[in-house]
1. So what is the calculated 222 nm ellipticity per residue for the chain, using -39500 (n - 2.57) for each DSSP H run with n of 4 or more, over all residues, to the nearest 500 deg cm²/dmol?
2. Looking at the range 27-70, which trypsin sites (Lys or Arg not before Pro) are DSSP coil and have at most 15 other C-beta atoms within 10 Å of their C-beta?
3. Counting Lys +1, Arg +1, Asp -1, Glu -1, what net charge surrounds GLY19 among other residues with beta carbon under 15 Å of its beta carbon?
4. Read phi for every residue in the range 82-98 and hand back ³J(HN,Hα) as whole Hz from Karplus 6.51 cos²θ - 1.76 cosθ + 1.60, θ = phi - 60°, with x for Gly and Pro.
5. When the convex hull of the C-alpha atoms of the range 1-40 is computed, what volume per residue in Å³ does it have?
6. On alpha-carbon atoms, Rg over Rh for the chain using Kirkwood Rh?
Amino acid sequence: MAKQVHCPREDAEFDFILGMSGVPVLAYFTGTWPKAIEPCRAMDLVMSGIATDCRGRLTVVRTDITRCPSTTERYGITGAPSYVLLKEREAVAHGTGPTTVTGVREFLDGHL
């Protein structure tokens, strides 16, 4: 995965990244259970592309549901893959399920 995608190991690290970002944050949530692995791997590629395309305008954070349970609960995530656009720590848009780079761009439209 590209270096521009942050991967916090725990909730405190997610909060640190969120606090240090001067731009909106696109947090996408992944899981490691069997039915989530392939869709989440596909989202890794999509979000890596988004991070490259939106560098300087958006911080992309790959958030493992198991490692960041409080963050997952805080944003109402119930499955993986899911994604949330955050502005000033507040969720402004939610999405679920695997999607394409075009789908994420449409999701971001009007928010960046």
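Just so you know, all these numbers are worked out from the coordinates, no wet-lab data involved. The structure presented is a predicted model; accordingly, all values stated were derived computationally and were not measured. For neighbour counting, all protein chains shown are included, and Cβ atoms are generated from backbone atoms with ideal geometry for every residue, glycine included.
1. Values: 4 runs with 44 residues, N = 112.
Calculated at 222 nm, the ellipticity per residue is -12000 deg cm²/dmol.
2. Details: sites: LYS35, ARG41, ARG55, ARG57, ARG62, ARG67; in loops: ARG55, ARG57, ARG67.
In loop regions of the range 27-70 (DSSP not H, G, I, E or B), the sparsely surrounded trypsin sites (Lys or Arg not before Pro) are ARG55, ARG57.
3. On the way: positive: ARG74, LYS87, ARG89; negative: GLU10, ASP11, GLU13, ASP15, GLU88, GLU90.
It works out to a net charge of -3.
4. Rounded to whole hertz, the list is 9, 8, 9, 9, 10, 10, 6, 6, 9, 6, 10, 7, 10, x, 9, x, x.
5. Numbers: hull volume 3.4 nm³, N = 40.
About 86 Å³ per residue, rounded to a whole number.
6. Working: Rg = 12.4 Å, Rh = 13.6 Å.
Radius of gyration over Kirkwood radius for the chain works out to 0.91.
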